[in-house]
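Remarks on the structure that follows.
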């Protein structure tokens with residue numbers, strides 16, 4: 001049994017090899033059509049399946065002979081075959097760039113927060129209006145800065161993960177890592193720059209879930 005990615009980006013199937021051969025004979029599935037064999041996780045072009053080499057050869061001979069052939073993988077009103085790696089690279093470029101910018105801004109903010117909290121913890125008075133009770137102010141500073149430093153360090157780590165995930169997404173590598181980075185960017189209590197991370201993370205997840213994009217990840 002096999003699944004097919006149509007030109008509209010939707011999955012079709014599972015279908016039997018007989019049905020797939022029929023589509024090939026009708027010119028509705030071509031060499032570049034993305035196919036997934038049942039039980040496997042990778043998507044491959046139809047030309048990579050040796051069991052269909054004969055049908056593809058006959059299809060190409062028919063095309064050279066000038067016979068009328070329907071558009072590749074045209075089921076009903078479906079269009080041309082799904083774009084390959086170049087199309088996937090173009091699709092991920094925008095959201096991946098947005099996530100990289102988010103990661104960099106988050107990293108800068110987190111590092112600055114670590115520095116400010118460390119200065120306050122060290123006794124530097126950065127308060128515009130300190131409390132009248134000096135002892136209470138000192139206690140609040142100690143507790144608040146420790147919490148702030150820990151939170152900022154977590155922010156540094158998260159920012160680096162978001163940036164690395166965006167880099168891998170842009171290169172179509174490590175799908176799970178890129179997916180996890182998108183989720184981190186969207187979490188308001190984890191990402192230090194969720195106002196940027198939320199829209200870019202949603203955009204990236206939508207693109208990553210497209211079968212024609214997911215199939216191109218290494």
Test set (1) touching a helix residue (DSSP H, G or I) at 6+ places or on another chain (Cβ under 6 Å); (2) at pLDDT 60 or above; (3) surrounded by fewer than 19 Cβ atoms within 10 Å (Cβ to Cβ) - residue 131 fails condition number: (2)
Being at pLDDT 70 or above, in a loop (DSSP other than H, G, I, E, B) and out of contact with any helix residue (DSSP H, G or I) (no Cβ under 6 Å at 6 or more places or on another chain) is the requirement here; does residue 66 meet it? no
Is there a residue being modelled with pLDDT under 80, in a helix (DSSP H, G or I) and in the same structural domain as residue 89 (by TED's automatic domain parsing) anywhere in the range 169-182? no
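The values are calculated or read from the model by the stated rules, or taken from the named source; none is laboratory data. All figures in this text were calculated on a predicted structure; none of them were measured in a lab. Every residue, glycine as well, gets a Cβ built from its backbone with ideal geometry; the counts of neighbours run over all protein chains shown.
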